[in-house]
Amino acid sequence: MHLQDSIRLEFAGPVARLLLNRPAKRNAIDQTMWESIPLLVNQAMASADVRALILTSSQPGIFCAGADIGEFSAQSASADWRARNQAAIRGAQLAIARAPKPVIAAIDGDCVGGGCGLALACDIRIASPRSRLGITPAKLGLVYSLHDSKLLVDLVGPGHAKRMLYTGMLLGADEACRIGLVEELADDPLAAAQALAAQIAAASPFSQKGTKAIIRRILDGAADDDADSATLFDSAFTGPDFAEGVEAFLAKRKPAFMA
């Protein structure tokens, strides 16, 4: 299903794919696309069959040129439009970053500006060797938002984040991997993302959701357990995934976890 041709959601067994599909504009993201992303992410998360979501492009060699600067130039004089645009971008970022199930970015080609921001919000990024990544507000006289900046700092640290944001430079895939902006390089990043998603689908969804929630709390500033995290840890021992995992281990078979 899809809300519009420029972005669509596809389902294939336990893996959903969110496809940027505006190749004539190098997948530049306009207001309608920003507003569609939370709806499509939530649709994928609501499916009991889906175990992982892959963010990628419908066309090899093109990931995302960033926000639609033409639209921004035409509309940015309007304070109301700017407020709606900023809210839509933030909503798209939050929908991906806070999605309860794993989200993987499969990046082939340039991943710039708002497109890089979407990749930052994913749990894991896999890029092809020809990919270039960068965030370019300094080339437009803009300031990156605090939330987006935090996503970048969480991955690469403040020094690399400042170097990228001060200059608007595009990093090659090798350097992006070296500094932690992407986790894996692959000649076919979509195939690698599909393989990783298959591994995710074979493991415990309870463990994954709990782990993602715990890591999100750490990134949001938590440094020690509280009643909620302790309850999450303890509840696993009485859950069906633990029972199945132990039974499969003792029987020397692969576990069959239920979503």
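Give me the count of lysine pairs in the range 7-200 whose alpha carbons sit under 27 angstrom apart, restricted to pairs 8 or more positions apart or on different chains. Spell out each step's value before the answer.
Details: K25/K139; K101/K150; K139/K150; K139/K162; K150/K162.
So the count of such lysine pairs works out to 5.
Relative to the longest principal Cα axis of the chain, at what angle does helix 205-219 sit, 0 to 90 degrees, rounded to 10?
Computed tilt is about 50 degrees.
Output ³J(HN,Hα) for the range 234-241: one whole-Hz value per residue in order, computed from phi by the Karplus curve 6.51 cos²θ - 1.76 cosθ + 1.60 with θ = phi - 60°, and x for Gly and Pro.
Result, rounded to whole Hz: 5, 5, 4, 6, 10, x, x, 5.
Provide the packing ranking of 160-166, 79-85, i.e. peptides ordered by the mean count of other C-beta atoms within 10 Å per residue, highest first.
On the way: 160-166: 17.1, 79-85: 12.9.
Answer by packing, highest mean first, reads 160-166, 79-85.
Using only alpha carbon pairs under 8 Å that are at least six residues apart, calculate the relative contact order of the range 7-200 and give it in whole percent. Walk me through the numbers before you get to the answer.
Working: 375 pairs, mean separation 40.6, N = 194.
Averaging sequence separation for qualifying contacts and normalising by length gives 21 percent for the range 7-200.
All other residues with a Cβ under 15 Å from the Cβ of M258 taken together, and with Lys, Arg as +1 and Asp, Glu as -1, what is their net charge? Write out the running numbers ahead of the final one.
Details: positive: R51, K101, K209, K254; negative: D49, D241, E244, E247.
Value of the local net charge: 0.
If you keep only loop residues by DSSP, which trypsin sites (Lys or Arg not before Pro) in the range 169-259 have at most 10 other Cβ atoms within 10 Å of their Cβ? List each step's numbers first, then the result.
Numbers: sites: R178, K209, K212, R216, R217, K252, R253; in loops: K252, R253.
Answer in residue order: K252, R253.
Based on the mean of other beta carbon atoms within 10 Å per residue, what is the order of 221-229, 70-78, 200-208, 22-30, most packed first? Display every interim value, and only then the final one.
Numbers: 221-229: 9.8, 70-78: 12.9, 200-208: 18.0, 22-30: 19.8.
The peptides rank, most packed first, as 22-30, 200-208, 70-78, 221-229.
Counting each DSSP H run of 4 or more residues in the chain as -39500 (n - 2.57), what helix-only mean residue ellipticity at 222 nm follows after dividing by all residues, to the nearest 500 deg cm²/dmol?
-15500 deg cm²/dmol
For the range 1-68, give the magnitude of the charge dipole about the Cα centre (Cβ charges: +1 Lys/Arg, -1 Asp/Glu; no others), in debye to the nearest 20. Mind showing how you got there, number by number?
Details: 6 positive and 6 negative charges, 37 e Å.
Using Cβ point charges on Lys, Arg, Asp and Glu, the range 1-68 gives about 180 debye.
What's log10 of I(q)/I(0) for the range 203-251 at q = 0.15, 0.18, 0.26 Å⁻¹, Debye sum over Cα points only, no solvent?
-0.46, -0.61, -0.97
How far, in nm, would the chain grow between W81 and E244 when pulled straight, counting 0.36 nm per residue and subtracting the alpha carbon separation?
On the way: separation 163, 0.36 × 163 = 58.68 nm, distance 5.14 nm.
Extra length from W81 to E244 when fully extended: 53.5 nm.
What does the net charge come to around P205 if you take all other residues with beta carbon closer than 10 Å to its beta carbon, with K and R at +1 and D and E at -1? The partial results should precede the final answer.
Working: positive: R51, K101, K209; negative: D241.
Cβ neighbours under 10 Å give a net charge of +2.
Just for the Cα atoms in the chain, what are the lengths along the principal axes, largest first, rounded to whole Å?
Projected onto its principal axes, the Cα set of the chain covers 62, 38, 38 Å.
Extension gain A46-R217, at 0.36 nm per residue separation less the Cα-Cα distance, in nm?
59.4 nm
Take the alpha-carbon positions of the range 1-148, form their convex hull, and give its projected area averaged over all directions (one quarter of the hull surface) in nm². If you can, show how the numbers build up before the last one.
Values: hull surface 33.9 nm².
Taking a quarter of the hull surface, the average projection is 8.5 nm².
Only the coordinates and a few stated rules stand behind these numbers; no lab work does. Computed from a predicted structure; not experimentally measured. In this analysis, Cβ positions are derived from the backbone assuming ideal geometry, glycine residues included, and neighbour counts consider all displayed protein chains.
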